[in-house]
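Comments concern the structure below.
Just so it is clear, none of the values below were taken in a lab; they were calculated from the coordinates. These figures come from a predicted structure and were not determined experimentally. Cβ placement follows ideal geometry from the backbone for every residue including glycine, while neighbour counts extend to all protein chains displayed.
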Amino acid sequence: MRVIQVKDYQEMSDVAADFLAGQIFHKPHSVLGLATGGTPEGTYKSFIQKARHKELPLSELTTFNLDEYEGLSPEHPNSYHMYMNEHLFQPLELSSTQTYLPKGDAENVEKEARRYEQMIQDHGGIDLQLLGIGENGHIGFNEPGTSFTSRTHVEHLKPTTREANARYFEKKEDVPERAITMGIATIMDSRSIILLASGDRKKQAVKKLVEEVRKEEFPASSLKIHPYVTIIADEAALSAV
Ligand code: GLP
C-alpha cells in the first residue's frame, strides 16, 4: 500500500480528484467504483471542477457505487442514490444508464445483491475503486468479521456504524439496519484502489490499517495484499501512525 500524506481535507480531495481525472483521461470508457459518506464529498466537488475545466470525456464512463441502504428508494433523501445524484451525477449530467447503485428497495435484496455483482462482472470489473473507511475499519458496508471472500451481499450494520451515520438522518432509529454492499472480494477485484481518510476521527482506523496484520475483524486490512492501493490521508488521520 502506498501512502500519500496530504495537509488537510482540501488537499486530500484535490489529489483524489486528480486520480479520477487521470483515470478517465487515459481511459474514457473506465468503470469507476464510487463511495459515499462525508469523506468523498470534497473529492466529487473538486472532480466536477476539473472535469469541466479539462473537458474530460464522460459519455463512455460507467460507475458502480459500493452500497445502498436496504428499504430506501432512490428518491429517499437519505439514500445513497440521492447523495450521488446531488454530489456528482446531476452536476456532470451523467445518465442513469451509466451510473449504477444497488436497489435498496428491491423486493428481494439477496437477489438484487447477486444481480448487482453480475452486472459489475458483465462490465469487465472495476478499473478504479474509491473507498472511505469506517471508524471500525469497514469498507463499503463490510463490517468487522465479513469474509474476505465475500461478494455483493446484504450486511447487518453494527450499532456503532448506524450511530456514525445517524447524523444524516432525522432520528437515530431511522438509520436502516441492513444494507446491500459490494463484498470484500468484489472490491479486491478492482484493478486499482484509492482509500481516503481525513481527520482525527479516522486516526485509529488508519493506524490499524497501516500497522496491523491482515484479518477479517478489520475489513480494510484485506487491502494489504492488493498490488495497487493508494491511501490518501491527511495529517490528522495519520497522526497516530
Ligand atoms: C459509510 C459508507 C462507507 C464510508 C463510511 C465512512 O458507512 N458505507 O463507504 O466509507 O460511511 O463515512 P464518512 O466518510 O462519512 O466518515
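THR146: more than 12 Å from the ligand (Cβ to nearest atom), under 15 Å from the mean Cα position of the chain (by Cα), crowded, with 18+ Cβ neighbours inside 10 Å and of a type in the set (S, T, N, Q), yes or no?
On the way: more than 12 Å from the ligand (Cβ to nearest atom): yes; under 15 Å from the mean Cα position of the chain (by Cα): no; crowded, with 18+ Cβ neighbours inside 10 Å: yes; of a type in the set (S, T, N, Q): yes.
No; evaluated as a whole, the condition is false for this residue.
For segment 154-177, a tally of residues being surrounded by 14 or more Cβ atoms within 10 Å (Cβ to Cβ), within 12 Å of the ligand (Cβ to nearest atom) and either at positive phi or not small (Gly, Ala, Ser) (or both) returns 10.
How many residues, within segment 27-68, are outside any helix (DSSP H, G or I), under 26 Å from GLU11 (Cβ atoms) and either within 15 Å of the ligand (Cβ to nearest atom) or not aliphatic (A, V, I, L, M) (or both)? Give the derivation first.
Taking segment 27-68 first, the residues outside any helix (DSSP H, G or I) are 27-40, 54-68.
Those left that are additionally under 26 Å from GLU11 (Cβ atoms): 27, 30, 32-40, 54-56, 58, 61, 63, 65-66.
Then drop every residue that is not either within 15 Å of the ligand (Cβ to nearest atom) or not aliphatic (A, V, I, L, M) (or both), which leaves 27, 30, 32-40, 54-55, 63, 65-66.
Number satisfying all stated conditions: 16.
In segment 69-83, the count of residues that are within 16 Å of the ligand (Cβ to nearest atom), closer than 23 Å to MET182 by Cα, without any contact (Cβ under 8 Å) to a residue 24 or more places away in the chain and within 14 Å of the chain's Cα centre (by Cα) is one or more.
Does GLU155 count as more than 18 Å from the chain's Cα centre (by Cα) and not in a loop (DSSP other than H, G, I, E, B)? Show your work before the answer.
Numbers: more than 18 Å from the chain's Cα centre (by Cα): no; not in a loop (DSSP other than H, G, I, E, B): yes.
Considered against the rule, which asks whether it is more than 18 Å from the chain's Cα centre (by Cα) and not in a loop (DSSP other than H, G, I, E, B), GLU155 comes out as no.
Specify the residue that is nearest to LEU128 (Cα to Cα); the eligible residues are those in segment 215-225 that are out of contact with any Phe, Trp or Tyr (no Cβ under 8 Å at 6 or more places or on another chain) and touching a residue at least 40 places away in the same chain (Cβ under 8 Å). Here the answer is LEU223.
The rows are residues; the columns are (1) of a type in the set (Lys, Arg); (2) within 15 Å of MET188 (Cβ to Cβ); (3) assigned to a helix (DSSP H, G or I).
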| site | (1), (2), (3) |
| --- | --- |
| ALA113 | no, no, yes |
| TYR116 | no, no, yes |
| ILE126 | no, yes, no |
| GLY134 | no, no, no |
| SER147 | no, yes, no |
